[in-house]
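Student: Can you keep this structure in mind? I'll have questions shortly.
Where a number appears in this text, it was derived from the coordinates with a stated rule and is not lab data. What you see is a predicted model; the values in this text were computed from it and never measured. Reconstructed Cβ throughout: ideal geometry from the backbone, glycine too, with neighbour counts over all protein chains shown.
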Amino acid sequence: MNIWAYIIRRLLYVIPVLLGVCLIIFVLFNMVSPDPTLIMLGKHASLSQMEDLRRELGLDRSWFLQYLDVVKSAFTFEFGRSWSTKQEIIEMIKAGAIPSLTLSVPAFVLSTVISIAISLFVAFFRGTFIDKSVVFLCVTMMSISSLAYILFGQWFFAFKLGWFEISGYEFGFPDFVPYVILPVIIWVMLGLGPDVRFYRTIILDEIYQDYVRTARAKGLGEKVIMFKHVLKNAMIPIITYVIIQIPFLILGALLLESFFSIPGLGGITLNAINSSDFPVVKAMTILISVAYILFSVLTDVLYTLVDPRVRLK
Amino acid sequence: MAEKILEIKDLCVEFNTDRGVIRAVNGVNLEVYKGKTLGVVGESGSGKSVTALSIMRLIPSPPGKIARGTIDYRGENLLEIPFDEMRRIRGNKIAMIFQEPMTSLNPVFTVGNQIEEVLELHQKELSKEQRRDKAIEMLHLVGIPSPEKRVTEYPHQLSGGMRQRVMIAMSLACEPDILIADEPTTALDVTIQAQILELMNKLQKELGMGIIMITHDLGVVAETCDDVAVMYCGQIVERAEVKELFNHPQHPYTKGLIESIPSFDSTTGERKDRLPTIEGMVPSLFDLPDGCNFQDRCNFATDKCRGSEGEPVLKSIGTHHDAACFHPLS
Ligand SMILES: Nc1ncnc2c1ncn2[C@@H]1O[C@H](COP(=O)(O)OP(=O)(O)O)[C@@H](O)[C@H]1O
Ligand code: SF4
Ligand SMILES: [Mg+2]
């Protein structure tokens, strides 16, 4: 079977999954959650006011039609307006995505590359003092609260040394750069512990495989064995681990965004939750679900490229 | 007398384990001759693989360490040459195939790729096309049907027997002086096993390499070997030419091994009932007894064997026949 046919089939398969996800979202937001008119108008609204608002929001229509609205928004990304700011939600998302992505993309790329590089390095020195120290360091770093990194970073590097901005954001390149450096560094530091431990385990699993002994018996050097034989096999689990994190990058990092006052999607989502702005929360849920489903298709497609044992079916 | 190409002297290999240091190989001496097959037999855990891996300098370290000994290959001690030089010998002059055909090939590269890799490493003068041609030629040589097609396949598309043939093709691609085969047929079923052994015999005649055939099966030894060394608890307990060993075993352990070879009914080809195996268990390397390591399983053991005169050492008993026993059988 041809790879393109495979991709198309996998994408077609996305449709029922998406319909199911929409159903869950619909049940959660339209059926289980409290009456939105109560939230918007408060306890003392008159019945006719509530009726009017229900009609305006389309809540008087049948559940099936309301479900179709959810489905439609998953395919068109037309989410309607926010209850609290009255803005078009898609515009809010577009505006928030820029600060979020300028933080999360560089942070994610850097942390993935650095973690894999460190893991290859310590796997090379497995069992030695270097390896043990790095593992110890990872565990130590993981057991420190993320707040400690943020507060220390802001106090020491931004306040004491004045190397970076303490908080805030400016749109446009390169204006945003000074604002994201510190949160990016902290993001990388936060990820290093768990990531290095994870990648190291995966690489060590491969290093003790029989094919590595064969490669040595052929006369190959350790570097070729590591970068060609081991890494290509290790890519299979690494791909899943990396790609499945990507959909969540649009959320940015809730904690980092709020501490550094970065006006990203994380902040928008938090505000929406606090003010019961359901359409925005729903839009973010739909967006992440769609991204998650699409990236899992991407994972499957990449598998077929790295692992010949995976059949296209 | 054929040319001696490899000589192992007094090889000792130790492993650091949670329970202390064990000596997995203890004072082994072996010789490999051009065009001849040396069999190394013994029960599981007797140190056969560790001996073989030592020759390739592939002992995992830590926990392993070659504590003593020399391995002379054409006038050089392999244990002392620089690592880069050792890498030029591996896969080129001395090649090895392993017991696990299912897992010894890299699953994400084609078999052609994996054969070409060894050529790229050791025969730099070959072009890409020549390497591909040679890979196909090698697959043909080891009896893989339609090698032009197979060369682009991945290991998971081949059966265990076919994968072991690929391993053989890969190991012989550079026409090595010595092929170390560590239980090459143990994981395969009986008919495939016979085919692989026959193939190795045939290739040895064509290419003239010396073979170290490691096995726990004396039946395999009978079919392939010229000389045999019997190992027990990391030591060689008997050494002789193959006919001499089968006809006049001197060590009670060897005799036990020979008696427990399952024989075949010559008319039906069926395996006869299993003959008695040697009773008792191999002693733990953590607490070997004083004297002979085989004493607890031996019907001929005396006080002498139990340590009053130290360990039995390998001594000449007849022409080209050595045994480490205080009371050799004949
Ligand atoms: N990687 C290792 N770590 C610890 N001990 C080992 C290791 N490899 C081998 N040994 C020890 O060496 C002994 C001999 O092993 P081996 O040479 O593999 O036996 P066999 O004759 O079955 O090939 C084993 O019983 C084991 O105690
Ligand atoms: S030395 Fe003694 S115990 Fe050991 S094999 Fe010979 S007779 Fe048996
Ligand atoms: Mg073994």
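Student: Condition first: surrounded by fewer than 21 Cβ atoms within 10 Å (Cβ to Cβ) and either of a type in the set (S, T, N, Q) or more than 14 Å from chain B (Cβ to nearest Cβ) (or both). Now tell me which residues in the stretch A:203-218 satisfy that.
Tutor: A:Q209
Student: Is it the case that the stretch B:28-42 has a residue that's in contact with a His (Cβ under 8 Å, 6 or more places away or on another chain), within 13 Å of ligand 1 (Cβ to nearest atom) and either among the small types (G, A, S) or farther than 21 Å from B:A173 by Cβ (or both)?
Tutor: Within the stretch B:28-42, one or more residues are in contact with a His (Cβ under 8 Å, 6 or more places away or on another chain), within 13 Å of ligand 1 (Cβ to nearest atom) and either among the small types (G, A, S) or farther than 21 Å from B:A173 by Cβ (or both).
Student: Among the residues of the stretch B:120-138, how many are surrounded by fewer than 24 Cβ atoms within 10 Å (Cβ to Cβ), under 22 Å from B:P155 (Cβ atoms) and more than 9 Å from chain A (Cβ to nearest Cβ)?
Tutor: Summing the residues that are surrounded by fewer than 24 Cβ atoms within 10 Å (Cβ to Cβ), under 22 Å from B:P155 (Cβ atoms) and more than 9 Å from chain A (Cβ to nearest Cβ) in the stretch B:120-138 gives 8.
Student: For the list (1) part of a strand (DSSP E or B); (2) on the phi < 0 side of the Ramachandran plot, I need the number of the one condition that B:V50 fails.
Tutor: Status for B:V50: all satisfied but (1).
Student: Something else: Can you pull out the helices (runs of 4 or more DSSP H) entirely within the stretch B:182-258 that have at least 3 residues that are under 27 Å from B:S104 (Cβ atoms)?
Tutor: Where helices (runs of 4 or more DSSP H) fall fully within the stretch B:182-258 and carry at least 3 residues being under 27 Å from B:S104 (Cβ atoms), they are B:190-207, B:218-224.
Student: Applying the selection to the stretch A:219-238, what residues are at the interface with another protein chain (Cβ under 7 Å from one of its Cβ atoms) and surrounded by 16 or more Cβ atoms within 10 Å (Cβ to Cβ)?
Tutor: A:G219, A:L220, A:H229, A:K232, A:N233
Student: Here's something else I'd like to know. Among the residues of the stretch B:168-217, write down those that are within 16 Å of the chain's Cα centre (by Cα), acidic (D, E) and under 22 Å from B:Q123 (Cα atoms).
Tutor: Scanning the stretch B:168-217 gives a single hit, B:D177.
Student: If you scan the stretch B:54-102, which residues turn out to be within 8 Å of another protein chain (Cβ to nearest Cβ) and farther than 21 Å from B:K4 by Cβ?
Tutor: Correct list: B:L58, B:P62, B:R87, B:R88, B:G91, B:F98, B:E100.
Student: With respect to A:G153, is the statement that it is in a loop (DSSP other than H, G, I, E, B), more than 14 Å from chain B (Cβ to nearest Cβ) and either under 25 Å from the mean Cα position of the chain (by Cα) or surrounded by fewer than 14 Cβ atoms within 10 Å (Cβ to Cβ) (or both) true?
Tutor: no
Student: Being within 16 Å of ligand 1 (Cβ to nearest atom), over 26 Å from B:R132 (Cα atoms) and more than 14 Å from every other protein chain (Cβ to nearest Cβ), is that true of even one residue in the stretch B:187-210?
Tutor: For the stretch B:187-210, residues within 16 Å of ligand 1 (Cβ to nearest atom), over 26 Å from B:R132 (Cα atoms) and more than 14 Å from every other protein chain (Cβ to nearest Cβ): absent.
Student: I'd like the full set of residues that are closer than 23 Å to B:T277 by Cβ and either touching a strand residue (DSSP E or B) at 6+ places or on another chain (Cβ under 6 Å) or of a type in the set (K, R) (or both), limited to the stretch B:27-49.
Tutor: B:G39, B:V40, B:V41, B:G42, B:S46, B:G47, B:K48, B:S49
Condition check ((1) of a type in the set (A, V, I, L, M, F, W, C); (2) within 24 Å of B:L218 (Cα to Cα); (3) not in a strand (DSSP E or B)) across all residues:
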| residue | (1), (2), (3) |
| --- | --- |
| B:G27 | no, yes, no |
| B:G39 | no, yes, no |
| B:G45 | no, yes, yes |
| B:I59 | yes, no, yes |
| B:T70 | no, no, no |
| B:A95 | yes, yes, no |
| B:N106 | no, no, yes |
| B:N113 | no, no, yes |
| B:E116 | no, no, yes |
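Student: Looking at the stretch A:255-302 only, could you name the residues that are under 18 Å from the mean Cα position of the chain (by Cα), closer than 26 Å to A:L41 by Cα and free of Cβ contacts under 8 Å to residues at least 60 places away in the same chain?
Tutor: A:T269, A:L270 - these are the residues of the stretch A:255-302 that are under 18 Å from the mean Cα position of the chain (by Cα), closer than 26 Å to A:L41 by Cα and free of Cβ contacts under 8 Å to residues at least 60 places away in the same chain.
Student: Right, something else. Of everything in the stretch B:164-181, what is within 16 Å of ligand 1 (Cβ to nearest atom) and at the interface with chain A (Cβ under 10 Å from one of its Cβ atoms)? Give them in sequence order.
Tutor: B:I180 - this is the single residue of the stretch B:164-181 that is within 16 Å of ligand 1 (Cβ to nearest atom) and at the interface with chain A (Cβ under 10 Å from one of its Cβ atoms).
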